[in-house]
1. Taking the condition of being within 28 Å of A160 (Cα to Cα), open to solvent by less than 50 Å² (accessible area, probe 1.4 Å) and in a helix (DSSP H, G or I), how many residues in segment 266-303 meet it?
2. When you check R69 against the structure, is it touching a strand residue (DSSP E or B) at 6+ places or on another chain (Cβ under 9 Å) and of a type in the set (K, R), yes or no?
3. List, please: which pairs have Cβ atoms under 7 Å, are six or more places apart or on different chains, and start with a residue in segment 87-101 that is modelled with pLDDT of 95 or more and open to solvent by less than 60 Å² (accessible area, probe 1.4 Å) and end with one that is among the small types (G, A, S) and part of a helix (DSSP H, G or I)?
4. From the list Q83, Q39, pick out the single residue that is in a helix (DSSP H, G or I) and either within 13 Å of N137 (Cβ to Cβ) or open to solvent by less than 60 Å² (accessible area, probe 1.4 Å) (or both).
5. If you go through segment 243-297, how many residues are out of contact with any strand residue (DSSP E or B) (no Cβ under 7 Å at 6 or more places or on another chain), among the hydroxyl-bearing types (S, T, Y) and more than 22 Å from V314 (Cβ to Cβ)?
6. Tell me which residues, restricted to segment 304-316, are out of contact with any Ser or Thr (no Cβ under 6 Å at 6 or more places or on another chain) and either basic (K, R) or buried (at least 16 other Cβ atoms within 10 Å of the Cβ) (or both).
7. Taking interchain pairs and intrachain pairs at least six residues apart, which have beta carbon atoms under 8 angstrom, with the first residue in segment 18-34 and in contact (Cβ under 8 Å) with a residue 40 or more places away in the chain and the second among the basic types (K, R) and surrounded by 20 or more Cβ atoms within 10 Å (Cβ to Cβ)?
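The values are calculated or read from the model by the stated rules, or taken from the named source; none is laboratory data. The model shown is predicted, which means the values in this text are computed figures rather than measured ones. Ideal geometry is used to build each Cβ from the backbone, glycine not excepted, and the neighbour counts take in all protein chains shown. Surface accessibility is based on the protein's heavy atoms, side chains included, excluding ligands, DNA and RNA. Shrake-Rupley method; radii C 1.70, N 1.55, O 1.52, S 1.80 Å.
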Amino acid sequence: MSLHDKKKIVVKVGSSLLIDSDGASRREWLETLIADIAQRHQAGASIIIVSSGSIALGARKLGLEKGGRSNLADAQAAASVGQIALSSLWSELLAKHNITAAQMLLTLDDMEDRKRYLNATATLDRLVDKRAVPVINENDSVATDEIRFGDNDRLAARVAQAAGADHVLLLSDIDGLYDRSPDSSDKDKLISAVEQVDEHILAMADGTSSSGLGSGGMTSKLEAAQIANMAGIPLSIISGREDHPLQRYETSGKGTLFKANGGKNARKSWLGGRLTSAGTIMVDAGAAEALQDGSSLLAAGIVSVTDGFARSDVVDITDPNGQVIARGLAEYDAIECAKIIGRRSSELEALLGYAPRSAVVHRNQMVLV
């Protein structure tokens, strides 16, 4: 796999690769990865790093049990201490190649809120323009169990969307996606390329982290591939177990490439990549089919709505089985939607007392998922 034609690459490095079982950094291995990064940087590519490891590093310094993951308070305290060590490590080793490191700590809200997402995009653009290498991590010292990415695979894909990257590389403790667990006694096969992340592909994931240090697993990597591919960005899962992992990937091509099919505009990519929504609208089978054909969502096709969302909030649209099929910006709030469920467009003005908008969710503000 050649990376020479990639102008902007997001490289995600997990805890199990950066940190050993005792909670110390794997410095010698990291130096080989940074040598690979420096080579691509010197060739003119822009590199953005998404790095885990702050909780594991901080837990070692504070003497916390279970790698700092016994509870939320331990994890946040460990992250506060470990983030200093992690950013210092990256900064020091990148500086040996005359590369300036920049730290960015992001939360889920930074990527889910449109204005904050655009602010992050502007910061990334400026840093890359000045040839700095952003080192990004989730802000675990303030993130909660309810409001967090939960792993850096999905964060890497969202960062790639924001930065307009050409490729995402997820460095893992295995070579890529296998047709069954590589620990299985049955014969397994590494899948070299995936055209689309569908139910068959998702069924191959086990959702666990083999090292016990990280928070993700193959399931989170497949979800990251979906997010990246939605924005027209290919994503690869490759092994980081050996030295010079990027060089190894270029030479051997061993890994799993998730191909990108087209790509949506910036707003629709942001919508499709969101991990949260303000509410849910369930539609009937006819409306579900119409949405798949590119139609807007009309009140006549709505079956039910949840409470709590306001106009312009992001809502999930589900089929009669509860499967999310689309996501978009609501043109009515939840109370208004409840009043017009199943009604024809000609009836809406009389029900609401004002001239209705053309759709509950317009197709230009909607993305199929």
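1. Within segment 266-303, residues that are within 28 Å of A160 (Cα to Cα), open to solvent by less than 50 Å² (accessible area, probe 1.4 Å) and in a helix (DSSP H, G or I) number 7.
2. no
3. I99/A38; A101/S91
4. When all the criteria are applied, what remains is Q83.
5. Number satisfying all stated conditions: 2.
6. V305, F309, R311
7. Final answer for the pair search is G23/R60.
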